[in-house]
1. Search the structure for amide H atoms under 5 Å from the amide H of S87, placed 1.01 Å from N in the peptide plane, and list their residues when 5 or more places away or on another chain.
2. I'd like the FRET efficiency for E102 and R82, computed as 1/(1 + (r/R0)^6) with the beta carbon distance as r and R0 of 25 Å, rounded to 0.05.
3. Past 27 Å, Cα to Cα: identify those pairs from K7/K36; K11/K56; K18/K56; K12/K120; K33/K120; K6/K120, in the order given.
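What follows is calculated from the coordinates using simple rules that are stated; it is not laboratory data. Predicted model only: the values in this text are computed from it and were never measured. Counting neighbours? That spans all protein chains shown, and the Cβs are built from the backbone with ideal geometry, glycine included.
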Amino acid sequence: KFLLSKKKFFKKYNIKNKNFILFLPTGPQYHQKNYKKLYKNICELIIKNNFHLILKLHPTELNENKKTTYKKGKNSFSILNRNNNMSLCDQSDFYSAIKHAEKIISIHTTAYVEVNMMNKPITYVNRLTFFGLKDNLFYKKREKIGIHKLISKKMINNKLGTRSEEHTSELQS
């Protein structure tokens with residue numbers, strides 16, 4: 001009963017007769033230089049391919065008391081060039097966005113739980129790089145069709161966890 005119908009959702013976000021892609025960035029404390037570049041490239045690619053982009057910010061981006069890489073009063077939406085085919089999702093419309101999205105993309109998010117519970121697939125872009133891992137052999141082995149391990153030993157032994165090197169060094173100082 002809390003979900004918007006597709007018609008109401010498309011009207012609210014000014015989506016004109018086309019599908020949209022929901023992009024779920026991670027918390028702003030992880031938005032280092034490389035992350036921001038990839039984030040911007042993903043958004044530009046979505047718009048370039050004639051999809052409407054719905055950007056659902058991480059809840060910490062809306063919390064003034066949380067550490068962020070953005071200036072006070074700004075969030076990751078500010079790094080993008082404004083476009084008519086792009087909308088910022090209200091937090092209250094998150095589940096409606098999942099329900100009506102053609103595709104859902106992220107670099108890293110724990111919102112995959114909600115996405116999977118609503119039986120929608122999610123595509124991660126360069127997720128292992130986010131974990132600070134570069135394991136070409138791991139990727140190479142996964143090129144063949146078959147059953148694969150989802151986690152490499154490098155991920156298990158990774159001291160960074162979900163934190164970038166720059167953020168980890170900030171925490172230690």
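1. For S87, whose amide H was placed from the backbone, the distant partners under 5 Å are L53, I54, L55.
2. 0.70
3. Beyond 27 Å: K7/K36; K33/K120.
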